[in-house]
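The next block holds one structure in the form of structure tokens; read it before the comments.
The values are calculated or read from the model by the stated rules, or taken from the named source; none is laboratory data. A quick note: this is a predicted structure, and the numbers were derived from the prediction, not measured. A quick note on method: Cβ atoms are made from the backbone with ideal geometry, for glycine too, and the neighbour counts reach across all protein chains shown. Note: accessible area is taken over every heavy atom of the protein model, side chains too, but ligands, DNA and RNA are not part of it. Shrake-Rupley method; radii C 1.70, N 1.55, O 1.52, S 1.80 Å.
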Amino acid sequence: MTKAKIAVFASGSGSNFGAIEEACRTGELNAEIALMVTNKPEAYVVERAEQAGIAVAAFRPQNFDTRELFEEAILESLRDAGVEWLVLAGYMRLIGHTLLSAYPARIVNIHPSLLPSFPGKDALGQAIAHGVKVTGVTVHLVDEGMDTGPILSQRAVKVIDGNVEKTAEAIHAVEHDLYKETLNELFSR
């Protein structure tokens, strides 16, 4: 079976990027990372990608007059790399019309809650503030909204009372496995 050519979008340390890269390298994920895209050239994920020999496309949104021009620059890099799927892994920007129309139903995101509960930033903080006993991880397709696209898979994670760090670690462990499983299902269709 042909490997899916993906671009991983990330804005931070890149723990999910690292898990995806390893899964591609070991054959656990039937994909090849053709490009890592970031809106933060100083983010640690850039170093991770470079160490793995993966091409990096770094664009600062403030260097563009509009969101459309920003996304058109990204789109040109994606097309040059032959990317078929966009995989968001801690990318802290909403995807706009330019990319959505170029990759309809081919943009995937992972979110650290059981959507539709706690969309947006600091999902774990929102969950703890609401006193939930169970949170989780959701993999979904991206649409125009914030974490509102069709849900592909979910897995529950118990909130560890009074320990945000341990709960976050448990969420990350689930994210890495659930993302691989869900992406493999998508890429085999």
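What are the equivalent ellipsoid semi-axes of the chain, built from the alpha-carbon gyration tensor (square roots of five times its eigenvalues), in whole angstrom, biggest first?
Details: eigenvalues 134, 70, 52 Å².
That gives 26, 19, 16 Å for the three semi-axes.
Under 16 Å of direct C-alpha separation, and excluding same-chain neighbours fewer than eight residues apart, residue 180 reaches these lysines: 3, 5. If R0 is taken as 35 Å, the Cβ-Cβ distance between residue 173 and residue 72 corresponds to a FRET efficiency of 0.40. Working note: Karplus 6.51/-1.76/1.60 with θ = phi - 60° gives the range 28-44 the couplings 5, 10, 7, 8, 10, 7, 7, 6, 10, 10, 9, 9, 9, x, 8, 5, 4 Hz, where Gly and Pro are set to x.
Sorted largest first, the spans of the alpha carbon positions of the range 1-81 along the three principal axes are 41, 26, 16 Å.
Evaluate the distance, in nm, between pseudo-label points positioned 7 Å from the Cα of residue 79 and of residue 153 along their respective Cα→Cβ axes. Those two pseudo-labels are separated by 3.2 nm.
In the distance distribution for the range 34-134, Cα-Cα pairs more than 20 Å apart total 47 percent. The gain in end-to-end length when the residue 44 to residue 63 segment is fully stretched comes to 4.8 nm, 0.36 nm per residue minus the alpha carbon separation. Site pair residue 2 and residue 122 shows an inter-label distance of 4.5 nm when each label is modelled 7 Å from Cα along Cα→Cβ.
Shown for the range 149-189: the carbon plus sulfur share of the solvent-accessible area, taken with all protein chains present and a 1.4 angstrom probe, equals 50%.
Using just its DSSP H runs of length 4 or more, each adding -39500 (n - 2.57), the chain gives a mean residue ellipticity at 222 nm of -12000 deg cm²/dmol after division by all residues. Between the amide H of residue 31 and those of 4, distances stay under 5 Å, these residues lying 5 or more places away or on another chain, with hydrogens modeled in the peptide plane.
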